[in-house]
Amino acid sequence: MTTPVLHALGLRRRFRHPSGDVEVLRGLELSVDAGELVTVSGRSGSGKSALLALLGGFDEPDAGRVLLAGEPIDGAPPWHTCAVLPQALGLAQELTVAENVALPLRLRPSGDDVERRVGELLDLLGVAHLADRYPGEVSFGQQQRVALARAVSGRPKVLLTDEPTAHLDAASTPAVLGLLRRCAAEGAAVIVATHDDAVHAIADRRVRLADGVLSTV
Ligand SMILES: Nc1ncnc2c1ncn2[C@@H]1O[C@H](COP(=O)(O)OP(=O)(O)O)[C@@H](O)[C@H]1O
Ligand SMILES: [Mg+2]
């Protein structure tokens, strides 16, 4: 039996609100293998983003744990292990588009030629002409593609993406879906929170988050 790359066991997460606490995750279980692309659906507010924050080590569960390649995570793991594309993107505003995408490769050389890898990813996503602009100088949909290029440039073992097609026009969506599939084909465990049926259509497995737990769709 192979060890799943990502394994979440019994995750619980409660948030405090003035109007009363909300227990968003209630003993959630998820196991994803290398090379597998899993989509997570669920209504708005069901806890998809909260789940990705826990899986990426940006938030801590009240109970349960997350294992990466069998090891417990302790804080946010390095980008080459687990890359996250959050809903808010998190691009460095003082770096150009190309510098943002190169960042994981500069922090930890992967053996790739940096210029070539960055150019290839920007080209694939149709934003190569924006390489020298700053994030604030391009549209949100274009920033979303730049953030995806940055997330995957360092060839992470786990890729967590939150609504990666939410701000894209229909013409840009196939390239994003193609890249997500390619990451899985290259061995990454890919988890995508999404409302988009076009993303669910390329999944190996679909799960739905409701009442704090996942069920297979
Ligand atoms: N950091 C936080 N502090 C307080 N409440 C939060 C926080 N993050 C999420 N929540 C609450 O958890 C619920 C799930 O939110 P979220 O994970 O963003 O849902 P989704 O991504 O499925 O739309 C919401 O009720 C939201 O208000
Ligand atoms: Mg969300």
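The values are calculated or read from the model by the stated rules, or taken from the named source; none is laboratory data. From a predicted model like this one, the values you see are computed outputs, not experimental measurements. Because the Cβ atoms are built from the backbone with ideal geometry, glycine has one as well, and the counts that use them run over all protein chains shown. Side chains included, ligands, DNA and RNA excluded: accessible areas come from the protein's heavy atoms. Shrake-Rupley method; radii C 1.70, N 1.55, O 1.52, S 1.80 Å.
General observations
- Of the residues making up segment 23-55, those that are within 13 Å of ligand 1 (Cβ to nearest atom) and part of a loop (DSSP other than H, G, I, E, B) are G42, R43, S44, G45, S46, G47.
- Number of the exception - S172 against (1) small (G, A, S); (2) within 24 Å of A50 (Cα to Cα); (3) crowded, with 17+ Cβ neighbours inside 10 Å: (2)
- Residue that is nearest to G187 (Cα to Cα), among those in segment 56-72 that are assigned to a strand (DSSP E or B) and touching a residue at least 12 places away in the same chain (Cβ under 8 Å): L68
- For segment 97-112, the candidate set comprises residues that are farther than 19 Å from F140 by Cα and touching a helix residue (DSSP H, G or I) at 6+ places or on another chain (Cβ under 9 Å); within that set, the residue that is most open to solvent (accessible area, probe 1.4 Å) is R106.
- Residues in segment 73-93 that are touching an Asp or Glu at 6+ places or on another chain (Cβ under 8 Å), in a loop (DSSP other than H, G, I, E, B) and either within 16 Å of ligand 1 (Cβ to nearest atom) or open to solvent by 50 Å² or more (accessible area, probe 1.4 Å) (or both): P86, Q87.
- Pairs, first within 19 Å of H167 (Cα to Cα) in segment 74-95, second open to solvent by 60 Å² or more (accessible area, probe 1.4 Å) and among the basic types (K, R), C-beta under 9 Å, six or more apart: none
- The residue of segment 195-217 that is surrounded by the most Cβ atoms within 10 Å (Cβ to Cβ), among those that are aliphatic (A, V, I, L, M), touching a strand residue (DSSP E or B) at 6+ places or on another chain (Cβ under 8 Å) and in a loop (DSSP other than H, G, I, E, B), is A203.
- Looking across V152, V192, one residue alone is assigned to a helix (DSSP H, G or I) and either touching a Phe, Trp or Tyr at 6+ places or on another chain (Cβ under 7 Å) or open to solvent by less than 30 Å² (accessible area, probe 1.4 Å) (or both). It is V152.
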